[in-house]
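In what follows, a single structure is set out as structure tokens and then discussed.
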Amino acid sequence: MRPIRIVLGGLPRMLRDIVVEVVKSEADMSIVGEVSAAGSVQELVDEARPDVVVFDEASLQAAGGTERLLRDHGDVKLLVLSDQGRDAAAHWLEPRSLSAVDLSPARLLTLIRSCCSGPVTP
């Protein structure tokens, strides 16, 4: 099975470092790209074909919100972290939604895996 392909979209440095640290030791996940400016994430998604794009709330707004990315890339899942990285919400073009509060490294990994498989309570 191929690893879950992850793109980081304009995360603040500290939040980016935390996500990279959490994901890097997972054999079933791979960060395949990142952009420092969320507005340019569309091009990277076109090129890298990720399974999941991880944003913070401010970066997602700069990228034009969930609708544009989901409309143009219906198979991509969007994971939006709160500005402090304590909460997260996953979005995709299916009639389901996941969220997690008091986000821990284990819950972050579960949420990423849940985006790419079936429903799992994080």
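The values are calculated or read from the model by the stated rules, or taken from the named source; none is laboratory data. Quantities reported herein were computed from a predicted structural model and do not represent experimental measurements. Note that we place each Cβ from the backbone using ideal geometry, even for glycine, and neighbour counts take in every protein chain shown.
Would you check which residues across the stretch 66-86 are over 22 Å from Asp46 (Cα atoms) and among the charged types (D, E, K, R) and list them?
Within the stretch 66-86, Asp83, Arg86 meet the criteria.
Have a look at Ala89, Ala100, Ala63, Ala106 and point out the one that is under 19 Å from Glu43 (Cα atoms) and of a type outside the set (Ser, Thr, Tyr). I'd like the intermediate steps shown before the answer.
On the way: Ala89 fails: under 19 Å from Glu43 (Cα atoms); Ala100 fails: under 19 Å from Glu43 (Cα atoms); Ala106 fails: under 19 Å from Glu43 (Cα atoms).
When all the criteria are applied, what remains is Ala63.
Just name the residue that is modelled with the lowest pLDDT out of those in the stretch 1-22 that are in a strand (DSSP E or B) and within 16 Å of Ala88 (Cβ to Cβ).
The initial filter retains those residues of the stretch 1-22 that are in a strand (DSSP E or B), namely 4-9.
Checking the rest, the ones that are also within 16 Å of Ala88 (Cβ to Cβ) come to 4, 6-9.
On the way: Ile4: 95, Ile6: 96, Val7: 94, Leu8: 94, Gly9: 87.
Top of the filtered list is Gly9.
How do the pairs read when you match residues in the stretch 109-122 that are of a type in the set (Lys, Arg) and surrounded by 10 or more Cβ atoms within 10 Å (Cβ to Cβ) with residues anywhere that are modelled with pLDDT under 80 and outside any helix (DSSP H, G or I), using Cβ under 8 Å and keeping only pairs 6 or more apart or on different chains?
Qualifying pairs under 8 Å: Arg113/Val120.
Within the stretch 43-55, can you find the residues that are surrounded by fewer than 18 Cβ atoms within 10 Å (Cβ to Cβ) and part of a loop (DSSP other than H, G, I, E, B)?
The answer is Arg49, and nothing else.
Residues in the stretch 23-42: is at least one at pLDDT 95 or above and in a helix (DSSP H, G or I)?
yes
Out of Ala90, Ala58, Ala27, Ala62, I need the residue that is under 19 Å from Leu15 (Cα atoms), over 14 Å from the mean Cα position of the chain (by Cα) and either touching a residue at least 12 places away in the same chain (Cβ under 8 Å) or buried (at least 20 other Cβ atoms within 10 Å of the Cβ) (or both). Which one? Quick ask: steps written out before the conclusion?
Details: Ala90 fails: over 14 Å from the mean Cα position of the chain (by Cα); Ala58 fails: over 14 Å from the mean Cα position of the chain (by Cα); Ala27 fails: under 19 Å from Leu15 (Cα atoms).
Only one candidate passes the filter, namely Ala62.
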